[in-house]
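Trainee: Got a structure here, written out as structure tokens. Questions coming.
The values are calculated or read from the model by the stated rules, or taken from the named source; none is laboratory data. As the structure is a computational prediction, the values presented were derived from the model and not from experiment. Note: ideal-geometry Cβ built from the backbone for every residue, glycine included; neighbour counts use all protein chains shown. These accessible areas exclude ligands, DNA and RNA; they are computed on the full protein's heavy atoms, side chains included. Shrake-Rupley method; radii C 1.70, N 1.55, O 1.52, S 1.80 Å.
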Amino acid sequence: MGTEADAAAVDLLRSQIPFQTDGEIVLPPRGVGLVLVDLCNGFCTVGAGNLAPVAPNKQISKMVEEANRLSKLFCDRNLPIFAFLDTHYPDKPEPPYPPHCIIGTGEENFVPDLEWLEKEPNVTIKRKSCIDGYISCIEKDGSSVFVDWVGKYQIKTVLVLGICTDICVLDFASSTLAARNIDRVPPLQDVVIYSEGCATYDLPVEIAMNIKGALAHPQDLMHHIGLYMAKGRGAKVVDRVVI
């Protein structure tokens with residue numbers, strides 16, 4: 001979004017559905033884990049695929065920068081990181097989205113700035129085949145890679161960064177909070193979303209109206225809505241992270 005009219009629309013929305021952030025979070029020396037949602041080429045690298053940005057995007061670049069910064073801090077302190085990477089088989093579509101992050105295309109892999117995470121011993125990588133990362137972790141026998149991770153490291157707070165604020169980040173936070181409320185993810189207490197470490201995609205109205213079946217998705221507007229909805233599900237939303 002870049003025009004005065006677009007900015008006015010975002011300001012109007014924020015005035016109608018405002019929310020206060022929880023300010024900053026000071027991370028404790030233990031009991032905290034970092035969750036990275038889909039920081040892969042297919043969503044973040046310019047020109048990488050059907051759902052990748054078509055041009056450099058400030059919000060996405062900021063998200064990758066913050067994810068890299070915080071990941072290094074967590075690794076320096078040997079704190080646990082759980083990284084989701086959207087990964088799909090070509091014969092299993094995910095409506096309403098076009099093919100994306102197909103295995104073997106490279107779209108399903110970390111963005112270049114985060115490839116180093118693959119070699120870190122404190123990083124658990126989960127390739128997810130559906131929008132909701134929490135659901136993607138549930139195995140056929142009922143066990144869960146994510147729940148086991150929380151239990152193994154006795155995590156009470158998860159700090160969540162990633163893309164898209166209003167889709168995969170929101171769905172993961174909502175499901176995790178619902179599970180927490182019925183004691184399915186012990187000892188988890190708080191799901192904290194870092195607003196500056198999240199992003200979503202941009203599909204302005206004037207472009208969407210010329211694409212059959214497309215839904216407009218103005219970036220700033222939907223980012224705000226994603227954070228608002230997460231807050232309504234019980235997540236904490238912060239704009240500063242202090243370690």
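Trainee: So which residues in region 21-75 are acidic (Asp, Glu) and either in a strand (DSSP E or B) or open to solvent by less than 30 Å² (accessible area, probe 1.4 Å) (or both)? Reasoning before the result, please.
Mentor: Here is the first cut: in region 21-75, the residues acidic (Asp, Glu) are 22, 24, 38, 65-66.
Across region 21-75, the qualifying residues are 24, 38, 66.
Trainee: Among the residues of region 83-92, are any among the aromatic types (Phe, Trp, Tyr), farther than 30 Å from residue 187 by Cα and loosely packed, with under 13 Cβ neighbours inside 10 Å?
Mentor: Yes, region 83-92 has at least one match.
Trainee: Can you pull out every residue in region 98-119 that is in a loop (DSSP other than H, G, I, E, B) and open to solvent by 60 Å² or more (accessible area, probe 1.4 Å)?
Mentor: Scanning region 98-119 gives 99, 103, 104, 105.
Trainee: Here is a further query. Is region 43-66 home to any residue that is charged (D, E, K, R) and on the phi > 0 side of the Ramachandran plot?
Mentor: Checking region 43-66: not a single residue is charged (D, E, K, R) and on the phi > 0 side of the Ramachandran plot.
Trainee: Scan region 179-194 residue by residue and report those that are over 18 Å from residue 148 (Cβ atoms) and not acidic (Asp, Glu). Full working, then the answer.
Mentor: Filtering region 179-194 down to residues over 18 Å from residue 148 (Cβ atoms) leaves 181, 190, 192-194.
If the condition is that a residue be over 18 Å from residue 148 (Cβ atoms) and not acidic (Asp, Glu), then 181, 192, 193, 194 are the ones that fit.
Trainee: Taking region 217-243, which residues are small (Gly, Ala, Ser) and either open to solvent by less than 50 Å² (accessible area, probe 1.4 Å) or assigned to a strand (DSSP E or B) (or both)?
Mentor: Passing the criteria: 226, 230, 234, 235.
Trainee: Out of all the residues in region 188-213, which are surrounded by fewer than 14 Cβ atoms within 10 Å (Cβ to Cβ) and in a loop (DSSP other than H, G, I, E, B)?
Mentor: 189, 209, 210, 211, 212, 213
Trainee: Restricting attention to region 129-162, which residues are in a strand (DSSP E or B) and touching a His at 6+ places or on another chain (Cβ under 9 Å)?
Mentor: none
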